[in-house]
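Everything below concerns the one structure shown next.
Quick note: the coordinates plus some simple rules give every number you see, no bench work behind them. Note that the coordinates shown come from a computational prediction; the quantities given were computed from them, not determined experimentally. Here the Cβ positions follow ideal geometry from the backbone for every residue, glycine too, while neighbour counts run over all protein chains shown.
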Amino acid sequence: MHFFRLLLLYLVPFYVSAHPLAQRVITLSPHATELAYSSGLGSKLIAVSEASDYPEEAQKIETVANYQGIKLERILALKPDLVIAWSPNFYPREMRQLKQFGIPIVYTSIQKLDDIPSTILQLSQWSDNPSIGQKNAVLFTKTLSQLREKYQHLQPIRYFFQLSQKPVISVSEFNWPSDIFNICGGKNILSNTSIPYPQVSLEQIITANPQVIFTTNDEKEINAQWKNWPQMPAVKHQFIWSLNSNWINRPTMRSLKAIKQVCQHLNIVRERMP
């Protein structure tokens, strides 16, 4: 049903916008940059965040943000008519200041896969070529529906997604990118926590006994970290894999690649587990 609602939006020949079309766009996170291109705003970008490396042409654009903060004075000097940010909780003081100067801000705080096409459609309303975003939203939703149908009846596999080593940080069931693992039949060993990105003790992980461990860090380092617990199925069967960090961490069109990568690994677990 969700797919057909998006299809109807795509077929509407004229998109009524309640605001002027954006001509000078700044993005403050790598995933926002990717979403801007997917929404038909790529040609309007005048500044991006430091880690914006996709598509390749984004690497040639001036940077005004990184994980430490944003260059507020430079942003104001560039006179953007749209800023695309992650969340009002990131750089809250600077976000308030940008609003005080009357600069429109669109937040792209995505937690679920279904949020991606709706965000692309929202951003496409700022573009003078909204059909780009509409096409991508329909493509994403159609492909996502196909993947859900393909993997919906598979045997659940207990997984642990390790974001960092010291301390050991993971992700809860209800925060990005857990939805990707859910589609593939992954069962988060931290499904009972309400903390979005909890710090986890070794005892918690050993007790939960994951069948597979995923990370975006160096695979050899993670294997070395867990080698002293050979009784864990993930360690015993060498089901410890590093995922493409940009695919899995950024909620964008490339999340479809992350789904396929995770699903392939979980299928290997199903095939080889005794």
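Annotations
- Rounded to the nearest whole Hz, the Karplus-based 3J(HN,Hα) values (6.51 cos²θ - 1.76 cosθ + 1.60, θ = phi - 60°) of segment 186-195 follow the sequence x, 10, 5, 5, 10, 5, 8, 7, 9, 7, with x at glycine and proline.
- Computed magnitude of the charge dipole of the chain (debye, nearest 20; Cβ of K, R +1, Cβ of D, E -1): 320 debye
- Lys/Arg +1, Asp/Glu -1 at C-beta; segment 153-272 dipole; positive extreme among Ile195, Ile205, Val235: Val235
- For the chain, the mean residue ellipticity at 222 nm estimated from helices alone is -12000 deg cm²/dmol, where every DSSP H run of n ≥ 4 contributes -39500 (n - 2.57) and the total is divided by all residues, rounded to the nearest 500.
- The modelled label-to-label distance for the pair Glu56/Asp115, using points 7 Å beyond Cα in the direction of Cβ, is 3.2 nm.
- Take every DSSP beta bridge whose two residues both sit in the chain; close to 15 percent of them are antiparallel.
- Just checking the listed ones, Trp176, Trp241, Trp226: in the Gaussian network model of the chain with Cα springs under 10 Å, the one fluctuating most is Trp226.
- Other residues lying with their Cβ under 11 Å from the Cβ of Ile26 contribute a combined charge of +3, Lys and Arg counting +1, Asp and Glu -1.
- Greater than 28 Å apart at Cα, pairs in Lys79/Lys135; Lys142/Lys187; Lys142/Lys166; Lys60/Lys257: Lys79/Lys135; Lys142/Lys166
- In terms of its C-alpha gyration tensor, segment 193-274 has an oblate overall shape, because the principal axis ratio a/c (a ≥ b ≥ c, square roots of the eigenvalues) is not below 1.5 and a/b does not outweigh b/c.
- Look at (1) 20.0; (2) 23.4; (3) 27.5: the one that is Kirkwood radius over Cα pairs in Å derived from this structure is (1).
- Fluctuation leader among Leu72, Leu144, Leu45 - the chain, Gaussian network, Cα springs under 10 angstrom: Leu72
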